[in-house]
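One structure is given below, encoded as structure tokens.
The values are calculated or read from the model by the stated rules, or taken from the named source; none is laboratory data. Predicted, not measured: the structure shown is a model, and the values here were computed from it. Cβ placement follows ideal geometry from the backbone for every residue including glycine, while neighbour counts extend to all protein chains displayed.
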Amino acid sequence: MAKRPEVLHDNREVSYDEPHWNTLHRLRKRALEVMHQIETIGAKPLVHGSVARGDVSDSSDIDIIIPQIISSYRLELVLGTPLHRELVQATPSMVLKGHIHLEGDVVVSFPMFKLMSREEEFYKWGGSLDFVALESEIRVPGVDKRLILIEPTTNGHIESGVIDQEYIVAKKLDVSIDIARERVRVLTRREQVGRTGVYQTYELKDSEMPINEHFQYIIPLLHLISIVYGGSEYNYKNISLYRNIVEASNGEFNIWENNTDIYPIPYELHEAINKIKLGNYWFIPGFDGVYGKLQLGQSINQI
């Protein structure tokens with residue numbers, strides 16, 4: 001069951017018992033193992049959420065984010081056989097991410113293109129640690145899904161409310177007031193309407209499937225827009241067009257799954273999308289954080 005936002009007027013002190021410390025140690029040990037594997041390919045992963053803060057439970061996942069663009073092929077190679085893999089877009093304004101699920105309730109996430117600054121702050125808001133800090137047994141403050149600020153103490157943590165205290169909490173966590181207001185708005189909206197906006201998930205088939213089911217062959221819509229109209233993915237016009245299309249289509253995956261005629265897509269982009277759907281493209285996957293070059297027209301099998 002999802003945790004509900006809570007209005008907390010007075011601070012609350014929580015002490016950890018021995019089973020809690022044992023659970024935290026077990027989860028952090030597993031996180032270190034996975035993060036070490038990831039660092040062997042030059043990436044800088046962060047563990048975020050309850051494992052970074054310390055307020056874990058028996059049902060806690062180990063959430064690891066790689067904030068940089070990396071070679072998904074090398075990442076999958078070093079992590080070994082996953083339980084499953086998926087593409088996730090939490091909201092229309094958030095970057096498309098790959099999720100690799102591993103044994104031990106581990107989820108490794110990585111962006112398909114550069115994270116926006118607001119998303120980078122999201123991980124700091126919830127609390128995050130790099131490998132060195134985690135190995136040093138540091139715990140950091142952060143906000144949980146109840147909108148409660150968790151501040152570690154020697155014996156456990158202190159809880160304090162975030163709602164109506166956004167400015168103070170943002171200052172404590174060294175994040176912008178914008179991310180604080182956004183998280184309060186999103187999570188209280190979930191409580192009111194049962195969801196936080198568009199949430200799209202597409203599960204990739206296993207590694208024995210055709211080549212285009214690998215992460216490195218996924219073409220994010222924003223990347224395609226930048227190719228069709230020029231400029232970077234974060235050109236203002238490209239971002240605006242991307243957001244308008246994704247909001248109108250109720251998620252990026254619907255663009256690829258459905259008839260694009262029903263969405264307000266400009267002609268040039270409509271044609272590019274249809275070429276990709278028909279397999280009339282050649283996409284060489286990127287490596288070491290560099291995108292490959294997408295060629296629209298003949299497919300690689302026709303060359």
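Restrict the check to segment 24-33 and report whether at least one residue is more than 16 Å from SER136 (Cα to Cα) and in contact (Cβ under 8 Å) with a residue 12 or more places away in the chain.
Checking segment 24-33: not a single residue is more than 16 Å from SER136 (Cα to Cα) and in contact (Cβ under 8 Å) with a residue 12 or more places away in the chain.
Looking at VAL162, VAL78, VAL107, which one is in the same structural domain as SER59 (by TED's automatic domain parsing) and under 24 Å from GLU252 (Cα atoms)?
VAL107
Taking VAL88 as meeting all but one of (1) more than 20 Å from SER60 (Cβ to Cβ); (2) modelled with pLDDT under 90; (3) in contact with a Lys or Arg (Cβ under 9 Å, 6 or more places away or on another chain), write down the number of the exception.
Among (1) more than 20 Å from SER60 (Cβ to Cβ); (2) modelled with pLDDT under 90; (3) in contact with a Lys or Arg (Cβ under 9 Å, 6 or more places away or on another chain), VAL88 violates only (1).
Mind checking which residues of segment 223-232 are modelled with pLDDT under 80 and either assigned to a helix (DSSP H, G or I) or β-branched (Val, Ile, Thr) (or both)?
HIS223
Return a yes/no flag: does segment 119-131 have any residue that is free of Cβ contacts under 8 Å to residues at least 40 places away in the same chain and not acidic (Asp, Glu). Show your work before the answer.
Going through segment 119-131, the residues free of Cβ contacts under 8 Å to residues at least 40 places away in the same chain turn out to be 119.
From the residues that got through so far, the ones that are not acidic (Asp, Glu) too are none.
No, there is no match, as no residue in segment 119-131 is free of Cβ contacts under 8 Å to residues at least 40 places away in the same chain and not acidic (Asp, Glu).
Consider LEU79 against the criteria (1) within 20 Å of GLY42 (Cβ to Cβ); (2) out of contact with any His (no Cβ under 9 Å at 6 or more places or on another chain); (3) crowded, with 18+ Cβ neighbours inside 10 Å: it satisfies all of them except one. Which criterion is unmet?
Going through (1) within 20 Å of GLY42 (Cβ to Cβ); (2) out of contact with any His (no Cβ under 9 Å at 6 or more places or on another chain); (3) crowded, with 18+ Cβ neighbours inside 10 Å one by one, LEU79 breaks only (3).
Report yes if GLY54 is touching a helix residue (DSSP H, G or I) at 6+ places or on another chain (Cβ under 9 Å), touching a residue at least 12 places away in the same chain (Cβ under 8 Å), on the phi < 0 side of the Ramachandran plot and in the same structural domain as VAL132 (by TED's automatic domain parsing), otherwise no.
No, not satisfied.
Under 15 Å from ASP144 (Cβ atoms), basic (Lys, Arg) and touching a Ser or Thr at 6+ places or on another chain (Cβ under 9 Å), is that true of ARG4? Don't jump to the end; show me each part of the working.
Working: under 15 Å from ASP144 (Cβ atoms): yes; basic (Lys, Arg): yes; touching a Ser or Thr at 6+ places or on another chain (Cβ under 9 Å): no.
So ARG4 does not fit the description; no.
Are there strands (runs of 3 or more DSSP E) fully within segment 102-205 with at least 1 residues that are at pLDDT 90 or above and out of contact with any strand residue (DSSP E or B) (no Cβ under 7 Å at 6 or more places or on another chain)? List them. Before the answer, list the steps.
Numbers: elements: 106-111, 148-152, 156-161, 200-204.
Strands (runs of 3 or more DSSP E) meeting the threshold: 148-152.
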